[in-house]
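The block underneath contains the structure these notes are about, expressed in structure tokens.
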Amino acid sequence: MSSSATLSPAQHTPLYAQHLAAGAKIVDFAGWEMPIHYGSQLEEHHQVRNDAGMFDVSHMVVLDLTGSGATSFLRYLLANDVARIQTPGKALYSCLLNERGGVIDDLIIYFMADDWYRMVVNAATRDKDLAWIRQQAEGYEVEIRERDDLAMIAVQGPNARDKAHIALGASIDAARELKPFFAADCNDSKGDLFVARTGYTGEDGYEIILPAGQAGATWDALLATGVKPIGLGARDTLRLEAGMNLYGQDMDENTSPLEAGLSWTVAFTPEDRDFIGRAALARQKADGPANKLVGLILEDRGILRAHQKIITEHGEGETTSGSFSPTLGKSIALARIPVATTGHCQVEIRGKQLAARIVKYPFARNGKSLFD
């Protein structure tokens with residue numbers, strides 16, 4: 001059999017026609033044909049920081065977990081504790097771990113009722129996530145349903161929520177008073193129009209989950225209100241400035257949350273809650289992790305990228321994500337370095353050792369740089 005015969009056809013979201021109409025440059029992302037930009041990644045980045053932009057994130061995987069055993073199952077499955085979220089609509093960020101404490105994926109889960117949680121996981125890890133979750137669910141009274149009938153649009157920026165309400169009117173009124181990291185089911189039919197005050201940019205906004213058949217009209221309504229389409233390129237620089245991890249770069253199955261700056265997502269209390277990876281994390285916590293995740297700002301001329309070697313007085317490290325920051329006007333990175341390292345370091349770029357400052361991320365908040 002030829003290698004071409006084994007290739008899966010590219011997948012399109014329900015908004016593919018809208019991307020083509022807007023002149024998007026399309027690239028492959030985890031088997032999906034997605035927009036990387038619509039002309040200028042730099043302008044799209046500033047559009048989100050200063051006004052409002054929208055992203056097609058329909059390739060993300062939406063799962064509904066229902067049944068009388070959903071809570072007990074999720075308390076075992078996730079490093080964070082869903083018992084912490086008891087108000088309907090409350091969201092929780094967590095990692096899905098293996099027995100070694102490595103990160104299988106990161107995700108957001110919403111508590112909607114005692115017998116209904118909604119989980120959103122990454123597109124690139126869909127197959128392994130679903131296989132792992134279903135394997136661990138054996139013995140629990142829980143049904144796991146992949147909602148591939150739904151689409152997802154993220155509307156982000158300081159004016160995003162106001163413009164979303166103008167564009168979508170009474171259909172999302174139930175979301176108007178949402179606090180950050182809460183969601184509202186805007187219909188009575190369980191998930192037909194689901195609006196969460198969450199995002200991946202460091203700006204305010206909504207992530208709207210809706211029937212695939214309504215996605216095009218919703219996108220067009222937002223466009224008519226001045227919400228501009230934004231590609232995956234600007235999404236990456238926005239999340240990097242916000243200090244948000246990207247799965248597969250800043251953490252993976254060989255990295256624990258304690259090494260990825262995500263110790264706050266691990267609930268060690270109550271002590272009698274067993275969860276996958278707990279024993280490994282407890283050992284690492286007691287010993288102290290060897291490395292930590294930090295921010296870097298390059299002080300010499302150059303561009304920081306992932307997987308560049310870092311030299312410090314305490315040993316070597318590596319950049320995990322890096323890019324030019326449109327908000328700071330400088331090159332920035334997330335990096336894993338020896339835990340004792342502070343101050344400055346050297347980054348090896350094209351055979352040269354360039355000076356970088358070690359900082360605490362995020363790099364930007366509310367549209368402004370946090371550094372000089």
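Things worth noting here:
- Candidates Thr225, Thr237, Thr218 - the one that is of a type in the set (S, T, N, Q) and within 16 Å of Ser58 (Cβ to Cβ): Thr218
- Residue list for the range 149-172, filter: of a type outside the set (A, V, I, L, M, F, W, C) and either surrounded by 13 or more Cβ atoms within 10 Å (Cβ to Cβ) or at pLDDT 95 or above (or both): Asp149, Gln156, Gly157, Pro158, Asn159, Arg161, Asp162, Lys163, His165, Ser171
- Matching entry among Ser68, Ser94 (being touching a helix residue (DSSP H, G or I) at 6+ places or on another chain (Cβ under 6 Å) and not in a helix (DSSP H, G or I)): Ser94
- Against the list (1) of a type in the set (A, V, I, L, M, F, W, C); (2) in contact (Cβ under 8 Å) with a residue 24 or more places away in the chain; (3) within 16 Å of Asp106 (Cα to Cα), the condition Trp264 fails is (2).
- Check on Glu44, under 22 Å from the mean Cα position of the chain (by Cα) and farther than 23 Å from Glu146 by Cα: yes
- As for the range 71-80, it holds at least one residue that is β-branched (Val, Ile, Thr) and surrounded by fewer than 23 Cβ atoms within 10 Å (Cβ to Cβ).
- Flag if Val294 is farther than 30 Å from Gln136 by Cβ and touching a residue at least 12 places away in the same chain (Cβ under 8 Å): yes
- Meets criteria (surrounded by 21 or more Cβ atoms within 10 Å (Cβ to Cβ) and at positive phi) for Gly89: yes
- Single condition Glu177 does not satisfy, out of (1) touching a residue at least 12 places away in the same chain (Cβ under 8 Å); (2) at negative phi: (1)
- Residue count for the range 93-111 under the criterion of being surrounded by 22 or more Cβ atoms within 10 Å (Cβ to Cβ) and over 19 Å from Glu138 (Cα atoms): the result is 10.
- Condition check for Ile230: surrounded by 24 or more Cβ atoms within 10 Å (Cβ to Cβ) and in the same structural domain as Val62 (by TED's automatic domain parsing): yes
- Matching residues in the range 342-372 - criterion: being part of a loop (DSSP other than H, G, I, E, B), closer than 20 Å to Gly302 by Cβ and under 28 Å from the mean Cα position of the chain (by Cα): Tyr361, Phe363, Phe371, Asp372
- In the range 124-149, the residues that are over 30 Å from Leu232 (Cα atoms) form Cβ pairs under 7 Å with partners that are loosely packed, with under 13 Cβ neighbours inside 10 Å, at six or more places apart or across chains, as follows: Glu141/Ser68.
- The single condition from (1) surrounded by 19 or more Cβ atoms within 10 Å (Cβ to Cβ); (2) in contact with a His (Cβ under 8 Å, 6 or more places away or on another chain) that Arg176 fails is (1).
- Search result, residues across the range 196-224 that are small (Gly, Ala, Ser) and not in a helix (DSSP H, G or I): Ala196, Gly199, Gly202, Gly205
The values are calculated or read from the model by the stated rules, or taken from the named source; none is laboratory data. Quick caveat: nothing in here was measured; it's all calculated off a predicted structure. Don't worry about glycine lacking a Cβ; one is built from the backbone with ideal geometry, like all the others, and counts go over all protein chains shown.
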